[in-house]
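S.K.: The structure is given below, and queries will be raised subsequently.
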Amino acid sequence: MLLAIDIGNSSVKFGVFDNEILLSRFTIPTVRHQIANELNSSVSHQLNHTISAIIISSVVPELKESFQEYGEIFHNLKPIFIDNTFDFGTKIKYNPPETIGIDRLVAAFAAARKYGAPCIVCDFGTATTIDAINSRSECLGGIIAPGINTLSESLFIKTAKLPRVELVKPANVIGNSTISSIQSGIFYGYLGLTEGILQRMTAELGEQPRVIATGGFARLIAESCELLEIVDENLMLDGLQMIYSKLATNYTNFHE
């Protein structure tokens, strides 16, 4: 069984695959500087399969050593950490190519493989990234913006009297209380941000792409945004599985 791990800024997603079939998935909070023993205590009760390989995408460099030790100590396996040197089978038109986040590359790779190109992939997490892939499967880059929860928390932290609010879709744009006004400003403001960027990006792309949403807040935004055609909560995990299959096809021995 393959254990795919997507380490994000707020959460770590785990997926167990039997070939292309996702058998189970679960999520734990990202705890920076967590040691291997603590990591194992957090996940051991949720892993009920014998793991034969581990592949990891991470945007949290300080956790690499812990996950490396976790694989080696508790599974007797050396994890494969995907980085920008991996051959994604596409030209990365980002300047310089090695600076684009590995999460953006994995998501773009997975979206193009699963849904075809051209496509736009929107990852709604701690940060929101929206990236374009043209019909030649070239990863063009895109935008990075504060995530909707990051925006909400920033408003709470930076103001003296405004409360922290639940992230929901308000019934009306015109809020009749402080809480509903904040919720409206955050939700509909973020909806406008998403729609505006997608419209401008599509026009700039000059092609009609499929638009895929993923990440923790994808469904919340997609329910009110007709431009978001597909919500794929397993896009990153599926991408890691496809990368592992690509590696297995091309190489006899795996290296970190």
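S.K.: Say the dipole of the chain comes from +1 at the beta carbon of Lys and Arg and -1 at that of Asp and Glu; which of VAL211, ASN134, ILE221 then lies farthest toward its positive end?
M.R.: My answer, from the dipole projection, is ILE221.
S.K.: When the Cα centres of region 35-53 and region 62-128 are compared, how far apart do they sit, in Å?
M.R.: So the separation of the two Cα centres works out to 21 Å.
S.K.: Tell me, which longest segment in the chain has none of the trypsin sites (Lys or Arg not before Pro) that fall in DSSP loops with at most 15 further Cβ atoms within 10 Å?
M.R.: 165-256
S.K.: Can you tell which of GLY15, GLY101, GLY239 shows the greatest fluctuation in a Gaussian network model of the chain with Cα springs below 10 Å?
M.R.: Between GLY15, GLY101, GLY239, it is GLY101 that shows the largest mean-square fluctuation.
S.K.: How much FRET efficiency would the formula 1/(1 + (r/R0)^6) give for PHE74 and VAL31, where r is the Cβ-Cβ distance and R0 is 30 Å, rounded to 0.05?
M.R.: 0.95
S.K.: Sticking with this structure for a sec: Please quote Rg/Rh for the chain to two decimal places, taking the Kirkwood radius as Rh and restricting both calculations to Cα atoms.
M.R.: Radius of gyration relative to Kirkwood radius: 0.99.
S.K.: How high is the relative contact order of region 9-51, in percent, with contacts defined as C-alpha pairs under 8 Å that are six or more residues apart?
M.R.: Taking the mean separation of contacting Cα pairs over the length of region 9-51, I get 32 percent.
S.K.: Can you give me the relative contact order of region 97-237 as a percent, contacts being Cα pairs under 8 Å and 6 or more apart?
M.R.: In percent, rounded to a whole number, it is 25.
S.K.: Could I ask something else about it? Using the crude model of +1 on Lys and Arg Cβ and -1 on Asp and Glu Cβ, and no other charge, please compute the dipole size for the chain relative to its Cα centre, in debye to 20.
M.R.: Its charge dipole is roughly 420 debye.
S.K.: At 222 nm, what helix-only mean residue ellipticity would the chain give, in deg cm²/dmol to the nearest 500, using -39500 (n - 2.57) for each DSSP H run of four or more?
M.R.: -11500 deg cm²/dmol
S.K.: For the chain, calculate the relative contact order in percent as a whole number, restricting contacts to Cα pairs under 8 Å that are 6 or more residues apart.
M.R.: 17
S.K.: So what's the angle, to the nearest 10 degrees on a 0 to 90 scale, between helix 64-74 and the longest Cα principal axis of the chain?
M.R.: 50
S.K.: Can you give the angle from 0 to 90° between the axis of helix 178-205 and the longest principal axis of the chain, with both taken from C-alpha atoms, to the nearest 10?
M.R.: The angle comes out near 70 degrees.
S.K.: Pull up the DSSP beta bridges for the chain and report the antiparallel fraction as a percent, rounded to 5.
M.R.: Here the antiparallel bridges make up roughly 65 percent for the chain.
S.K.: Between helix 102-115 and the chain, what is the angle of the helix's C-alpha long axis to the longest principal axis, kept within 0 to 90° and rounded to the nearest 10?
M.R.: For 102-115 against the chain, the angle is about 90 degrees.
S.K.: Below 25 Å, Cα to Cα, which lysines can LYS13 reach? Residues fewer than 8 away in the same chain don't count.
M.R.: Straight-distance partners of LYS13: LYS64, LYS78, LYS114, LYS246.
S.K.: Where is the GNM fluctuation largest for the chain (alpha-carbon springs, 10 angstrom cutoff): ASP238, ASP83, ASP131?
M.R.: Of the options given, ASP83 has the highest mean-square fluctuation.
S.K.: Extension gain GLN199-LYS91, at 0.36 nm per residue separation less the Cα-Cα distance, in nm?
M.R.: Result: 36.5 nm gained on full extension.
S.K.: In region 97-237, what is the volume of the convex hull around the alpha carbon atoms, normalised per residue and reported in Å³?
M.R.: 109
S.K.: Springs between alpha-carbon atoms under 10 Å, Gaussian network over the chain: tell me which of GLU153, GLU69, GLU138 tops the mean-square fluctuations.
M.R.: Of GLU153, GLU69, GLU138, the most mobile in the Gaussian network model is GLU153.
S.K.: DSSP loop chymotrypsin sites (Phe, Trp or Tyr not before Pro) in region 169-256 with at most 15 other Cβ atoms within 10 Å of their Cβ, which ones?
M.R.: In loop regions of region 169-256 (DSSP not H, G, I, E or B), the sparsely surrounded chymotrypsin sites (Phe, Trp or Tyr not before Pro) are TYR251, PHE254.
Only the coordinates and a few stated rules stand behind these numbers; no lab work does. Computed from a predicted structure; not experimentally measured. Virtual Cβ from ideal backbone geometry, glycine too; neighbours counted across all protein chains shown.
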